[in-house]
Amino acid sequence: MIAALGERTDANALFFEREAERIARLCHRLAERFARGGRLISLGESPQARSDVRHVAVEFVHPVIVGKRALPAIGLSREGGSLERQVELVVGADDIAIAFDAGSAAALALARERGCLTIAYQPLGAEWEFEPPSPDPFIRQELAETHYHLLWELCHVFFEHRGLLEGREARAGHDTGASSFLYPFLAEQETDLDRVLEDVRRSVLMKASDVGALREQMLGDSRQALADAAAALRGARTLLALGNGGSATDAMDVVADFRAAPQGWPARPAIDLTEDAAIITAVANDIGPGAIFSRQVIAYGRPGDALLAISTSGNSENVLEALGEARRRGLVTIAMVGYDGGRVAAEGLADHVLVTRSEHIPRIQEAQASAYHVLRELVEEG
């Protein structure tokens, strides 16, 4: 586990030190596209890429920082058929296309032909390519997640500077108000692009450093919990995984890694409780959102199975109900939670609890991605 942490720390530092300036400039370009009505279109073919496709969409459409605007983002994955055909039907010239795997290459090329700004995490012919400096597919995905979180967080800076966006008139300055402690550079003059870009570059480095430290805390504090959870999963019949919002996409990723790990490890049975929109909406409509996961635990859970619940707060009603139902039915329960662990940690509602001690949701999610990736590795190492 020490080696896993060291590899992540080194790759994280190298990647963001190398790319901070380009990330700042890309955030500016994203803001210009959004300001003139463009949308973010995320593309992914593989099961793991699908989780990133959904994660990007939910972060941009449903911002977790109060006061930030919702930005249009659409996820296109293999459920909708050919990615190229979906791009033909959906994508416009002012849009932004971000691709997560080689299976998206043809669709990305079509998007670029149509005038989209294009982004990729491997050489796919995009205008903006950011190659994570690691051969490990888990570490590459973790760095990509931090990267697109930073794009979402920091493109908002440029909305506060009308004079830095094409076709917008500058104002004398901006009253940062309650946002000042998060983004002190919002008070800069709106025509000083180089100064704002430099401030955004420094913010990229600061946030990357924050997640590095948080990852170290979480993996260090949870070393024994991870080892115990891995031992339990080796003997489990089926893994059930769940979460809300960005954590739902993490559950998708966990299930993808158990069913078809990119390393080629043996497939293990796993069910994604966030996957079936018909079941979720039926239960939410007829009973209430608190039951959307517990009802599925009743249907699928058997003694000898395991449940992994991912939550940034540790207080979500539907997570608590699912953990309770799983315990009553004899499932092993594992929880990955943020903040101080919430009720899950305080009341011991799971057999194995891993706490990521932060109040910043994107950083929590990034550290949790490392945790469930390391957990998957430990399952195979035992």
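The values are calculated or read from the model by the stated rules, or taken from the named source; none is laboratory data. What you see is a predicted model; the values in this text were computed from it and never measured. As a convention, Cβ positions derive from the backbone with ideal geometry for all residues, glycine included, and neighbour counts pool all protein chains shown.
Can you say whether ARG69 is at pLDDT below 95 and either small (Gly, Ala, Ser) or more than 16 Å from the chain's Cα centre (by Cα) (or both), as far as the supplied structure shows? Break it down into steps so the answer makes sense when it comes.
On the way: at pLDDT below 95: yes; either small (Gly, Ala, Ser) or more than 16 Å from the chain's Cα centre (by Cα) (or both): yes.
Here the answer is yes, as ARG69 does meet what is asked.
I'd like to check something: does segment 128-138 contain any residue that is more than 30 Å from ALA261 (Cα to Cα), surrounded by 19 or more Cβ atoms within 10 Å (Cβ to Cβ) and either not basic (Lys, Arg) or not assigned by TED's automatic domain parsing to the domain that holds ARG201 (or both)? It would help to see each step written out before you state the result.
Looking only at segment 128-138, we keep the residues that are more than 30 Å from ALA261 (Cα to Cα), and these are none.
No, there is no match, as no residue in segment 128-138 is more than 30 Å from ALA261 (Cα to Cα), surrounded by 19 or more Cβ atoms within 10 Å (Cβ to Cβ) and either not basic (Lys, Arg) or not assigned by TED's automatic domain parsing to the domain that holds ARG201 (or both).
If the requirement is being crowded, with 23+ Cβ neighbours inside 10 Å and out of contact with any His (no Cβ under 8 Å at 6 or more places or on another chain), which of these qualifies: ARG36, ARG8? First the steps, then the outcome.
Values: ARG36 fails: crowded, with 23+ Cβ neighbours inside 10 Å.
The unique qualifying residue is ARG8.
Right, ALA350: more than 16 Å from GLY245 (Cβ to Cβ), in contact (Cβ under 8 Å) with a residue 40 or more places away in the chain and assigned to a loop (DSSP other than H, G, I, E, B) or not?
When the stated conditions are applied, ALA350 passes them.
Say whether the condition of being in a loop (DSSP other than H, G, I, E, B) and in contact (Cβ under 8 Å) with a residue 60 or more places away in the chain is met by at least one residue in segment 3-17. Don't jump to the end; show me each part of the working.
Taking segment 3-17 first, the residues in a loop (DSSP other than H, G, I, E, B) are none.
No, there is no match, as no residue in segment 3-17 is in a loop (DSSP other than H, G, I, E, B) and in contact (Cβ under 8 Å) with a residue 60 or more places away in the chain.
Are any of the residues in segment 326-335 surrounded by fewer than 19 Cβ atoms within 10 Å (Cβ to Cβ) and closer than 26 Å to ILE364 by Cα? Break it down into steps so the answer makes sense when it comes.
Filtering segment 326-335 for residues surrounded by fewer than 19 Cβ atoms within 10 Å (Cβ to Cβ) gives 327-330.
Of the ones still in play, those that are also closer than 26 Å to ILE364 by Cα are 327.
Looking for residues that are surrounded by fewer than 19 Cβ atoms within 10 Å (Cβ to Cβ) and closer than 26 Å to ILE364 by Cα, one finds at least one in segment 326-335, hence yes.
Give the residues of segment 210-221 that are touching a residue at least 24 places away in the same chain (Cβ under 8 Å) and surrounded by fewer than 23 Cβ atoms within 10 Å (Cβ to Cβ), sorted by residue number.
Narrowing segment 210-221 to residues touching a residue at least 24 places away in the same chain (Cβ under 8 Å): 210-212, 214-221.
Hits for segment 210-221 are ASP210, GLY212, LEU214, GLU216, GLN217, LEU219, GLY220, ASP221.
Within segment 308-339, take every residue that is out of contact with any helix residue (DSSP H, G or I) (no Cβ under 8 Å at 6 or more places or on another chain) and part of a loop (DSSP other than H, G, I, E, B) and give me the one that is nearest to LEU226 (Cα to Cα).
Filtering segment 308-339 down to residues out of contact with any helix residue (DSSP H, G or I) (no Cβ under 8 Å at 6 or more places or on another chain) leaves 316, 327-328, 330.
From what is left, the residues that are part of a loop (DSSP other than H, G, I, E, B) are 316, 330.
Values: SER316: 22, GLY330: 20 Å.
Across segment 308-339, the extreme among qualifying residues is GLY330.
Residues ARG8, ARG50, ARG54, ARG36: which one is assigned by TED's automatic domain parsing to the domain that holds ASP199 and more than 30 Å from GLU380 (Cβ to Cβ)?
Numbers: ARG8 fails: more than 30 Å from GLU380 (Cβ to Cβ); ARG50 fails: more than 30 Å from GLU380 (Cβ to Cβ); ARG54 fails: more than 30 Å from GLU380 (Cβ to Cβ).
Criteria check complete, one pass: ARG36.
If we keep just the residues of segment 172-194 that are at pLDDT 55 or above and touching a helix residue (DSSP H, G or I) at 6+ places or on another chain (Cβ under 8 Å), which is surrounded by the fewest Cβ atoms within 10 Å (Cβ to Cβ)?
Going through segment 172-194, the residues at pLDDT 55 or above turn out to be 190-194.
Right, trim to touching a helix residue (DSSP H, G or I) at 6+ places or on another chain (Cβ under 8 Å) and you get 190-191, 193.
On the way: GLU190: 20, THR191: 14, LEU193: 16.
For segment 172-194, the residue satisfying everything is THR191.
Within segment 195-286, considering only helices (runs of 4 or more DSSP H) that don't extend past its boundaries, which have at least 2 residues that are touching a strand residue (DSSP E or B) at 6+ places or on another chain (Cβ under 8 Å) and of a type outside the set (Val, Ile, Thr)? Please lay out each step first, then the result.
Values: elements: 223-234, 246-259, 277-286.
Where helices (runs of 4 or more DSSP H) fall fully within segment 195-286 and carry at least 2 residues being touching a strand residue (DSSP E or B) at 6+ places or on another chain (Cβ under 8 Å) and of a type outside the set (Val, Ile, Thr), they are 223-234, 246-259.
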